[in-house]
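Structure first, then comments.
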Amino acid sequence: MKVKIQDYNDVTVVEMQGELDSDAAELFERNITDIVAQNKTNIVLDMSGVDFIDSRGLSVLLWVRDYCNQNRRELRLAGLDENCTRILEITRLDSEFDRYTELAEAVKSFA
């Protein structure tokens, strides 16, 4: 998985590309931990480049949600494709996240 981090005013966008699986989990956790340590308060996970999420990927998404909540950070997901949306629905995790179709929508939601 490739991860690119960009700041847009007071919103940090984490652009993810590839599979969110056990191989990517540790890197992803480290990136989120670094973002929170830098006192970034608004985080959007741009998942438009993610084409697969396995059980470890779901676990790390839940960890990110909880970690952000514990540290008083706001988290949004953006750009999930049909496959990833379906995975969240099947596992009944779709209601656990604030999700947006477009990245711009998710960024604007913090205003």
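Read the figures in this text as sums done on the coordinates, not as results from a lab. Since the structure is predicted, the reported quantities are computational estimates derived from the model, not experimental observations. With ideal geometry, Cβ positions are generated from the backbone for all residues, glycine too; neighbour counts draw on all protein chains shown.
Can you tell which of Arg72, Arg65 is farther than 16 Å from Asp21 by Cβ and more than 11 Å from the chain's Cα centre (by Cα)?
Selected residue: Arg72, the only one of Arg72, Arg65 that is farther than 16 Å from Asp21 by Cβ and more than 11 Å from the chain's Cα centre (by Cα).
Within the set of pairs 6+ apart or on separate chains, which have a first residue in the stretch 81-97 that is hydrophobic (A, V, I, L, M, F, W, C), a second that is in a helix (DSSP H, G or I), and C-beta atoms under 7 Å apart?
Final answer for the pair search is Leu88/Asp94; Leu93/Leu58; Phe97/Arg65.
Arg86 - would you say it is under 20 Å from Leu20 (Cα atoms), surrounded by 19 or more Cβ atoms within 10 Å (Cβ to Cβ) and not aliphatic (A, V, I, L, M)?
Here the answer is no, as Arg86 does not meet what is asked.
Assuming Ile43 fulfils every condition listed in (1) in contact with a strand residue (DSSP E or B) (Cβ under 8 Å, 6 or more places away or on another chain); (2) farther than 14 Å from Ile5 by Cα apart from one, which condition is it?
(2)
Considering only helices (runs of 4 or more DSSP H) fully contained in the stretch 1-95, which possess at least 3 residues that are farther than 23 Å from Glu105 by Cα?
22-37, 55-70
Scanning the stretch 96-111 for residues that are assigned to a helix (DSSP H, G or I) and in contact with a Phe, Trp or Tyr (Cβ under 7 Å, 6 or more places away or on another chain), which turns out farthest from Thr41 (Cα to Cα)?
Out of the qualifying residues, it is Ala106.
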